[in-house]
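Engineer: First the structure, then my questions, so here it is.
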Amino acid sequence: MGVTICFSFGGGTNHPLSDRAYWDEHMRDSLHMPNGGAAVLVNILCLSGGRLAETESQKRMMVYIAEQNQNERGLGNIVLDIDRLPWDREHFAEDKALMLRVIEGARQKLGWETLDYTPNEEFAMSYLDDFQKLIERMTEADIKDEYMTQWLNECEPDQPPKCGFPLCEKHHAYISLFGCQVCTD
């Protein structure tokens with residue numbers, strides 16, 4: 001079992017993964033990794049993003065990434081489709097720039113000193129390179145407004161996107177409805 005990060009993974013009866021045209025269009029830039037690799041990628045993005053996100057829109061992005069917690073969602077059950085991130089059309093350029101800075105911060109090991117383990121750098125850098133390609137590919141035309149609206153509507157008033165974006169004291173990562181991604185991993 002593993003994780004796929006891509007644009008609109010989809011699947012289902014309308015777009016079976018065996019359909020070559022669907023695969024060519026939607027999966028060509030996908031990133032596949034084992035569950036442990038996905039956990040490391042999410043952790044190091046959270047560490048970097050907790051130090052770099054400034055605006056409400058940017059903090060929402062980081063909370064959404066922090067919610068991709070396999071310990072809570074189950075192994076192989078994170079959904080990090082790039083076009084499903086809570087992109088805000090009004091702030092798209094700034095949010096995309098932030099995501100690229102977050103990736104660069106993770107490459108520079110921003111926040112790694114707070115980890116209780118040492119990530120395999122070769123794998124981590126490879127995942128960051130592939131993740132960067134997906135973020136670079138994202139355009140405002142790819143935004144699916146309904147995903148952010150649905151995610152925010154499902155959030156309770158006491159959950160992070162609606163209560164001030166708290167940070168973990170130990171890891172300085174944004175807390176999601178599951179707590180600190182890095183603490184709970």
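Engineer: A 20 angstrom limit on the alpha carbon distance is what I want to check against. Which of LYS133/LYS170; LYS133/LYS162; LYS59/LYS162; LYS96/LYS144; LYS109/LYS144 exceed it? The partial results should precede the final answer.
Structural biologist: Values: LYS133/LYS170 30 Å; LYS133/LYS162 30 Å; LYS59/LYS162 11 Å; LYS96/LYS144 15 Å; LYS109/LYS144 31 Å.
In this structure, LYS133/LYS170; LYS133/LYS162; LYS109/LYS144 exceed 20 Å between Cα atoms.
Engineer: Ok, one more. Within 10 Å of each residue's Cβ, count the other Cβ atoms and sort LEU177, LEU134, LEU45, LEU85 from fewest upward.
Structural biologist: Arranged by neighbour count, lowest to highest, LEU177, LEU134, LEU45, LEU85 become LEU177, LEU134, LEU85, LEU45.
Engineer: Can you pull out the GluC sites (Glu not before Pro) in the stretch 74-180 whose DSSP state is coil and whose Cβ has at most 13 other Cβ atoms within 10 Å?
Structural biologist: GLU169
No value in this document is a laboratory result; all are computed from the given coordinates. Please read all numbers here as calculations on a predicted model, not as lab measurements. No Cβ is skipped: glycine too gets one built from the backbone with ideal geometry, and neighbour counts run over all protein chains shown.
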